[in-house]
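*Asks:* Provided herewith is a single structure, encoded as structure tokens, for subsequent inquiry.
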Amino acid sequence: MKKKPEIGIVMGSDSDWPIVQKAGEALDGFGVAYEVRVISAHRTPAEAEKYAKTAVKRGLKVIIAAAGGAAHLAGVLAANTTLPVIGLPIQGGALNGLDSLLATVQMPSGIPVATVALGKAGAINAGILAVQILATGRTALAKKMVKHKQTLKAKVAKGNARVKAELRRKGKT
């Protein structure tokens, strides 16, 4: 039986998918179901509004919204839902993503959008942040998040040991 999506991933253009799919992969790692849509805040504004207004009824708990340029998909969705919206600015264009970052992070009072970094790291973090939001009310998911953090800690310790060993071989400390 297929799980009902809890996370909505929306992007302004299918050209964003190579980066945005990393958010989906992060969600897959935690076993969280999601749906993916291409909806433009400016080319299909009625569809963006409808998506946001029906998200709660469809069972979504968080929306990840990715857009490049000065497009503000995250803001449009946040204005039309009570769900948390995570903005994922897409790098590229004339300003290499600075316009997207500023458009996503500079929200007016009362319409918050949590904003993550540009690029692959931002997409992964958007997925993880969505899981953290869900985990506040789900013990099993919270335990998976603790395990994830322990894995990160172990990776750093392993890297530290590798660098120390290399320095010892070179006679440095």
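The values are calculated or read from the model by the stated rules, or taken from the named source; none is laboratory data. Not measured: the values here are computed from a predicted model. Don't worry about glycine lacking a Cβ; one is built from the backbone with ideal geometry, like all the others, and counts go over all protein chains shown.
*Asks:* Considering (1) without any contact (Cβ under 8 Å) to a residue 12 or more places away in the chain; (2) under 13 Å from the mean Cα position of the chain (by Cα); (3) over 20 Å from Met145 (Cβ atoms), say which one Thr44 fails and leave the rest.
*Replies:* Of the numbered conditions (1) without any contact (Cβ under 8 Å) to a residue 12 or more places away in the chain; (2) under 13 Å from the mean Cα position of the chain (by Cα); (3) over 20 Å from Met145 (Cβ atoms), the odd one out for Thr44 is (2).
*Asks:* Which numbered condition trips up Val32, out of (1) touching a helix residue (DSSP H, G or I) at 6+ places or on another chain (Cβ under 8 Å); (2) in a loop (DSSP other than H, G, I, E, B); (3) at pLDDT 95 or above; (4) more than 27 Å from His148 (Cβ to Cβ)?
*Replies:* For Val32, the failing item is (4).
*Asks:* So, in the range 49-62, of the ones that are surrounded by 16 or more Cβ atoms within 10 Å (Cβ to Cβ) and closer than 21 Å to Ile133 by Cβ, which residue ends up nearest to the chain's Cα centre (by Cα)?
*Replies:* If we take residues in the range 49-62 being surrounded by 16 or more Cβ atoms within 10 Å (Cβ to Cβ) and closer than 21 Å to Ile133 by Cβ, then Val62 is nearest to the chain's Cα centre (by Cα).
*Asks:* Could you list, in sequence order, all residues of the range 137-150 that are surrounded by 10 or more Cβ atoms within 10 Å (Cβ to Cβ) and among the polar types (S, T, N, Q)?
*Replies:* The answer is Gln150, and nothing else.
*Asks:* List pairs: first residue in the range 138-162 and without any contact (Cβ under 8 Å) to a residue 24 or more places away in the chain and closer than 14 Å to Phe30 by Cα, second residue assigned to a helix (DSSP H, G or I) and of a type outside the set (Phe, Trp, Tyr) anywhere in the structure, Cβ distance under 7 angstrom, at least six positions apart or on different chains.
*Replies:* Ala142/Ala135
*Asks:* Quickly run through the range 80-113 and pick out the residues that are farther than 17 Å from Ile128 by Cβ, crowded, with 18+ Cβ neighbours inside 10 Å and small (Gly, Ala, Ser).
*Replies:* Gly97, Ser100, Ala103
*Asks:* Let me ask something additional. So which of Ala103, Ala130, Ala117 is at pLDDT 95 or above, in a helix (DSSP H, G or I) and among the hydrophobic types (A, V, I, L, M, F, W, C)? Don't jump to the end; show me each part of the working.
*Replies:* On the way: Ala103 fails: at pLDDT 95 or above; Ala117 fails: in a helix (DSSP H, G or I).
Ala130 is the lone residue from the list that is at pLDDT 95 or above, in a helix (DSSP H, G or I) and among the hydrophobic types (A, V, I, L, M, F, W, C).
*Asks:* Return the pairs, sorted by first residue and then second, in which the second residue is surrounded by fewer than 17 Cβ atoms within 10 Å (Cβ to Cβ) and charged (D, E, K, R), the first residue lies in the range 48-68 and is in the same structural domain as Pro18 (by TED's automatic domain parsing), the beta carbons are less than 7 Å apart, and the residues are 6+ apart or on different chains.
*Replies:* The qualifying pairs are Tyr51/Arg37; Gly59/Lys4.
*Asks:* Please go through (1) surrounded by fewer than 18 Cβ atoms within 10 Å (Cβ to Cβ); (2) without any contact (Cβ under 8 Å) to a residue 40 or more places away in the chain for Gly119 and return the number of the only condition it doesn't satisfy.
*Replies:* (2)
*Asks:* Name every residue in the range 1-25 that is surrounded by fewer than 21 Cβ atoms within 10 Å (Cβ to Cβ), assigned to a helix (DSSP H, G or I) and of a type outside the set (Asp, Glu), in order of residue number.
*Replies:* Ser15, Trp17, Pro18, Gln21, Lys22, Gly24, listed by residue number.
*Asks:* Inside the range 77-105, can you point out the residues that are of a type outside the set (S, T, N, Q), within 17 Å of Val20 (Cβ to Cβ) and free of Cβ contacts under 8 Å to residues at least 40 places away in the same chain?
*Replies:* Correct list: Val85, Gly87, Pro89, Gly92, Gly93, Gly97, Leu101, Ala103.
*Asks:* Any idea which residue in the range 35-46 is surrounded by the fewest Cβ atoms within 10 Å (Cβ to Cβ), counting only those that are among the aliphatic types (A, V, I, L, M) and in a loop (DSSP other than H, G, I, E, B)?
*Replies:* Per the criteria, the residue is Ala41.
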